[in-house]
Amino acid sequence: MNKPVLALATVCVLGALALTACGSGGGGGSDDGGSGPGGKVTLKLVAADYGDKESNSSKAYWKGVTSAFTAAHPDIAVDVQVVNWNDIDKQVKTMIQSGNVPDVLQTGGYADKVADDLLYKADDVLSAATRANLIDSLADAGRVKGVQYGIPFVSSARAFFYNQAVFQQAGITRPPTTWDELRQDAELIKAKVPGVTPYALPLGPEEAQGESMLWELGNGGGPTGKDGAYTLDSQANADTFGWLKTNLVGPGLTYANPATTDRKTAFADFAAGKAAMLNGHPSLITMARDGKVDYGVAPVPGKAGPLASTLGVADWMMAFKKNGHRDQVRTFLDFVYTEENTLRFYETYNLMPVTKDALSAMTASGRHKVLEPFFALLPQATFYPLGDTSWDAVSAELKKSVGGAVAGDPAKVLGDLQKKAKAATADK
């Protein structure tokens, strides 16, 4: 999402596989929210660690940013604590419950904080110029009921990966653009390249909500309708899973039981040359390279043609109201989101940008060729309904049971999920 120049996959396995991280800021001074002697304000920043070891921890990045910021703004200090992804939710929850609320938090989600009325609006803590520089699709994904609270920090998009050597063995000359072409290619691979899974379909509990949404988007469906209400049991979604069951799962063109197969298995199979096609994000590039797989990347096939809008994922920045440091937070965030600082983070960890100037710079530099297919997809990406405070609960239910829709009755499985989604919405 979502890690001093690491290979792309190393970072994204930590970031994009989850695109989620956090840190926790220690106390910045006094009980009045961090005001120190002489009126100097100390902001508390809790930030995610995108490194996989101490030598590439995000602590180094934030130390550089905050030191430069305080040198330019001596009346504002920034106290940073970087916390690993596994501990973020628990530590932030404890901070909020104990009243030790940070001024700024960078993590994987924001809507639950909005529901508890903890956050400033993005308009309050970003200048107009900084807001305008955010990629529109990402800024829109930070909205709750039309108001932006979540500020995108890093991003990722999904694309279609295929094994070019396997395609050549099977006599396939180009990647599929439609579902029917994908099925035909899968049949050729099964017939001509034994021992290779034609299409790796991971609908297990690791990330079933992502794989299922990509297929739903290909048929004009998705988890929600235009009004934002859940439409898990729509006819378009039921038809999508019916197609998968009949055309891929039934004929043995994917795993025997996609509902118990996780993304990590699909990625590992592709990187080992054991799977020919799958949907993936940028971390798969380095995995494929390490496995010496001759891979290609293309837009995700849809029912009638490539997806016009693929799945996007983001990690978020947000600002808390409790300490009353709105103006200082705005000054700090405008500094964080300068092109120099954002580029340093993206290039340190090989992650995708959230700002227009950084996207232009990375596209033009020629140093990020492997990311160029994803750059083209990002501005039109579609996101999970992150602004719905019930999404975490609904996503958890999707992970547990949506894979059953390609084994049993799609309408029944999706109907049960829709009931649970409505109940989760009613609870919020």
> Out of the range 254-271, which residues are buried (at least 20 other Cβ atoms within 10 Å of the Cβ) and closer than 13 Å to Val406 by Cα?
Replying inline: Thr254, Tyr255, Pro258, Ala259, Thr261
>> Could you list, ordered by first residue, the pairs with Cβ atoms under 7 Å in which the first is in the range 171-198 and part of a helix (DSSP H, G or I) and the second is open to solvent by 20 Å² or more (accessible area, probe 1.4 Å) and among the polar types (S, T, N, Q), at least 6 apart or interchain?
In response: Arg183/Asn247; Lys192/Gln169
> Say we look at the range 379-428 and pick out the residues that are among the aromatic types (Phe, Trp, Tyr) and crowded, with 21+ Cβ neighbours inside 10 Å; which of these is nearest to Pro202 (Cα to Cα)?
Replying inline: Tyr384
> Tell me, which helices (runs of 4 or more DSSP H) lie completely within the range 41-151 with 3 or more residues that are open to solvent by 40 Å² or more (accessible area, probe 1.4 Å) and not hydrophobic (A, V, I, L, M, F, W, C)?
Replying inline: 58-72, 85-98
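Select from the range 173-194 the residues that are aliphatic (A, V, I, L, M) and closer than 21 Å to Pro373 by Cα and list them in ascending order.
Scanning the range 173-194 gives a single hit, Leu182.
Looking at Ala266, Ala272, which is the one that is at pLDDT 95 or above and within 20 Å of the chain's Cα centre (by Cα)? Walk me through it before giving the result.
Working: Ala272 fails: within 20 Å of the chain's Cα centre (by Cα).
From the options Ala266, Ala272, the qualifying one is Ala266.
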> Within the group Glu216, Glu207, Glu187, which residue is under 21 Å from the mean Cα position of the chain (by Cα) and modelled with pLDDT of 95 or more?
Replying inline: Glu216
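Results for (1) at pLDDT 90 or above; (2) over 20 Å from the mean Cα position of the chain (by Cα); (3) among the small types (Gly, Ala, Ser), shown as yes or no for each residue.
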residue: Arg367; (1), (2), (3): no, yes, no
residue: Thr382; (1), (2), (3): yes, no, no
residue: Gly387; (1), (2), (3): no, no, yes
residue: Asp392; (1), (2), (3): no, no, no
residue: Ser395; (1), (2), (3): yes, no, yes
residue: Gly403; (1), (2), (3): yes, yes, yes
residue: Ala407; (1), (2), (3): yes, yes, yes
residue: Ala411; (1), (2), (3): yes, yes, yes
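Considering only residues that are among the basic types (Lys, Arg) and part of a helix (DSSP H, G or I), which ones fall in the range 241-287? Break it down into steps so the answer makes sense when it comes.
If we filter the range 241-287 for residues that are among the basic types (Lys, Arg), which is where we start, we get 245, 263-264, 274.
Listed by number, the residues that qualify are Lys245, Arg263, Lys264.
The values are calculated or read from the model by the stated rules, or taken from the named source; none is laboratory data. Quantities reported herein were computed from a predicted structural model and do not represent experimental measurements. All Cβ positions, even for glycine, are placed from backbone atoms using ideal geometry, and neighbour counts span all protein chains on display. The protein model used for the area step is the full one, side chains on, heavy atoms only, and it has no ligands, DNA or RNA in it. Shrake-Rupley method; radii C 1.70, N 1.55, O 1.52, S 1.80 Å.
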